[in-house]
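So the structure is just underneath, and the comments pick up after that.
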């Protein structure tokens with residue numbers, strides 16, 4: 001879909017055309033779900049966040065300014081939604097009991113060894129990231145898993161580059177240490 | 001460069017300028033501990049680059065789309081939300097200014113009323129739980145004299161008919177608990 005086509009759909013949706021909005025949902029929901037999954041690490045919560053994100057998008061379409069990529073705006077909405085999710089104390093408690101196992105969707109869809117391994121790695125890293133503070137986790141997901149630039153992350157989170165780097169440093173340090181421990185354990189188990 | 005600085009910069013290697021990267025690399029070539037750290041970061045970066053390309057999809061894409069669309073139509077048909085409507089207007093700059101103006105006027109009226117009141121309340125400085133009231137002397141005096149004048153006039157009226165007979169008028173005033181001298 002071309003940028004002009006997308007803009008046309010946005011304009012129609014701004015005037016209440018739900019079919020035009022449906023096309024936007026169909027185009028972007030995989031992306032939104034994928035980002036949300038990196039934060040939550042589980043399918044039901046990622047689906048809930050995706051739903052909330054598009055409802056917010058529908059309600060705030062009037063505020064959309066031309067020239068801004070819809071994905072940039074979506075990133076901002078998803079990140080805020082995920083930050084709220086991470087900050088909620090009840091979720092924090094739940095996270096402590098999350099088991100590190102592959103979700104059905106991943107095992108079902110993955111047929112090749114390399115893919116399984118990568119998806120397993122994603123699960124492990126997502127799980128390890130849950131030990132970080134919400135802000136550190138958000139910076140880590142956006143910069144290292146989503147591959148956004150420093151400027152983009154700062155813009156989405158509305159923080160300075162120094163603050164962003166400081167959070168990123170602590171996040172990477174923790175993930176590196178945990179990954180090293182995880183691999184050491186894994187090696188021990190394999191040898192035994 | 002010391003190891004402490006290097007430790008942080010190795011973690012933020014991708015975010016450094018090329019000159020800063022050169023400084024870190026030169027430190028790594030001389031320090032074994034930092035070289036080990038850089039190696040483990042390299043491993044982590046490989047892991048991250050492998051997983052960053054993975055796109056996770058919802059189990060049933062079309063079902064999720066339908067759910068979203070159904071939520072949207074529900075939210076559209078929901079009853080008119082007065083609070084949201086008010087809040088949306090509060091976001092307007094003019095409305096904010098009007099509300100600020102009203103607040104200032106109300107505060108001024110409140111402060112003015114406080115200075116006019118015959119009673120003033122004070123918070124004891126050393127004990128915040130102890131509150132006492134003092135008379136706003138000037139206003140209280142004015143109001144008291146005005147009250148006395150009104151009361152005097154009322155009583156005179158009440159006894160007016162008896163003034164033709166002085167004894168009765170004195171008795172009347174005594175009965176109404178008012179000393180003769182006050183006249």
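The values are calculated or read from the model by the stated rules, or taken from the named source; none is laboratory data. Please read these numbers as outputs of a predicted model, since none were measured by experiment. Neighbour counts run over all protein chains shown; Cβ positions are idealised from the backbone, glycine included.
Quick rundown of the values:
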{"read-out": "Answer residue from region A:130-154, given it is in a helix (DSSP H, G or I) and touching a residue at least 60 places away in the same chain (Cβ under 8 Å) and is surrounded by the most Cβ atoms within 10 Å (Cβ to Cβ) among those", "value": "A:142"}
{"read-out": "Residues that are closer than 12 Å to residue B:61 by Cα and either touching a helix residue (DSSP H, G or I) at 6+ places or on another chain (Cβ under 7 Å) or within 7 Å of chain B (Cβ to nearest Cβ) (or both), drawn from region A:11-30", "value": "A:25, A:26, A:28, A:29, A:30"}
{"read-out": "From B:54, B:68, residue being at the interface with another protein chain (Cβ under 8 Å from one of its Cβ atoms) and part of a loop (DSSP other than H, G, I, E, B)", "value": "B:54"}
{"read-out": "Residue match in region B:75-88 (condition: assigned to a helix (DSSP H, G or I) and modelled with pLDDT of 85 or more)", "value": "no"}
{"read-out": "Residue within region B:7-27 that is under 45 Å from the mean Cα position of the chain (by Cα), at pLDDT below 90, more than 8 Å from every other protein chain (Cβ to nearest Cβ) and exposed (fewer than 11 other Cβ atoms within 10 Å of the Cβ) present", "value": "no"}
